[in-house]
Amino acid sequence: MSPLSVHQYTYLSDNYGVLLHCAKTGETTCIDSGDATATLNALKKTGWNLTNIWVTHHHADHTDGVLEIKQATGATVTGPEPLSAPIQGVDKTVSDNDTFTFAGFTVRAMHTPGHTKDMINYYIEEEGLLFAGDTLFTMGCGRLFESDANTMHKSLSKLTALPENTIVYSSHEYTLANAKFALSVDSENPDLQARFQHVETLRANGEATVPSSLKEEMATNPFLRASDNRIRAFLNMSDATDAEVFAEIRKRKDNF
Ligand code: ZN
Ligand code: FE
C-alpha cells in the first residue's frame, strides 16, 4: 500500500486545497493556498506537520496564504519561476521537467502555460498523481489570461500524454458549469451524458467532483477532445487543426 494520502479541503468560494502526506516519513506538502486559515485548519484536523508548499501559479487564490503558512510551519516553498509575477515566500523555483524528491518519491514539474505564463503542475509518476492547478479542471480547462489557445493546447497535450489512470487534482469546483458547456458541443457523447447525471447528483449532495481520472477527462472533457470527429463535425471544423478546434471550443466557453 502506498504511504501517501491526500486530504482535500475547500476554501474561498470554490477553491480546493490539497494536503499530501507520507505516513512513512511524516512529510506533508500543501499545494497552493489562497487562505492560510483554511490550510492551517486542515493541518490541525489531520494532525499533519507541514514540511513543504508547492505553488502552481501566481494568482491570489493560490498564493495569498503562502507566506503566513510558511511562517507558521517553517515549510519550504517550491514554485514557478517568476514568468508572470513574483510569488512571495518561494525558496526554490522549478521549471519544466525539473524533478525533486518528496518523501522518497520523484516529483516532476510540468510547465503548462496557458491560464498563466508561470503555471507549473506537479506530477508523481510512481503514484499516478497530478496536481493540475488551473490548467485542467474536471470537464474544463483554465481561462486564457496570459497565453494564447495554441500554447494552452500544447500544455494540455502534455497532460494527456500521461497514463490514463492518472488521478487529477484541480483547484476549483467548476464542474456543473463545465458539464453544461460540454453538452453544448458534445451532446451525443454517451459518456458525457452519464457523467453529467453523476456530477449533478454529487453536487446536489454537496460532494466534490475533484479529483477525477485522466481517462474520464479524455472521454468527457471537450477541451481534450479537439480531435473527436463528432465535435469537429458539430463545429463545422472537420478540416481544421486540433489547436484551431481547441481555440474555438475555448472561445465558445468564454461566451457561454
Ligand atoms: Zn488561476
Ligand atoms: Fe484559481
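The values are calculated or read from the model by the stated rules, or taken from the named source; none is laboratory data. Small disclaimer: the values here were computed from a predicted structure and weren't measured. Quick reminder, even Gly has a Cβ in these numbers, built from the backbone with ideal geometry, and neighbours come from all protein chains shown. Please note that ligands, DNA and RNA were not included when accessible areas were found on the heavy atoms of the full protein model with its side chains. Shrake-Rupley method; radii C 1.70, N 1.55, O 1.52, S 1.80 Å.
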Residues being surrounded by 15 or more Cβ atoms within 10 Å (Cβ to Cβ), within 16 Å of D191 (Cβ to Cβ) and touching a Ser or Thr at 6+ places or on another chain (Cβ under 8 Å) - total across segment 219-233:
2
Any residue at all in segment 4-11 that's within 18 Å of I167 (Cβ to Cβ), without any contact (Cβ under 8 Å) to a residue 24 or more places away in the chain and touching a His at 6+ places or on another chain (Cβ under 7 Å)?
yes
Subset of segment 1-15 [crowded, with 19+ Cβ neighbours inside 10 Å and either among the polar types (S, T, N, Q) or closer than 22 Å to V90 by Cα (or both)]:
Y11, N15
Go through A161, A149, A182 for me and flag whichever is free of Cβ contacts under 8 Å to residues at least 12 places away in the same chain, away from ligand 2 (no atom under 16 Å from the Cβ) and among the aliphatic types (A, V, I, L, M).
A161
Mind listing just one residue for me: the one in segment 150-166 that is surrounded by 19 or more Cβ atoms within 10 Å (Cβ to Cβ) and not polar (S, T, N, Q) and, of those, nearest to ligand 1 (Cβ to nearest atom)?
M152
Among the residues that make up segment 64-72, is at least one of them within 16 Å of ligand 1 (Cβ to nearest atom), touching a residue at least 12 places away in the same chain (Cβ under 8 Å), open to solvent by less than 50 Å² (accessible area, probe 1.4 Å) and farther than 15 Å from G17 by Cβ?
no
A243 - would you say it is part of a helix (DSSP H, G or I), surrounded by fewer than 18 Cβ atoms within 10 Å (Cβ to Cβ) and touching a His at 6+ places or on another chain (Cβ under 7 Å)?
yes
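S33 - would you say it is in a loop (DSSP other than H, G, I, E, B) and either surrounded by fewer than 15 Cβ atoms within 10 Å (Cβ to Cβ) or in contact with a Lys or Arg (Cβ under 9 Å, 6 or more places away or on another chain) (or both)? Before the answer, list the steps.
Working: in a loop (DSSP other than H, G, I, E, B): yes; either surrounded by fewer than 15 Cβ atoms within 10 Å (Cβ to Cβ) or in contact with a Lys or Arg (Cβ under 9 Å, 6 or more places away or on another chain) (or both): no.
No.
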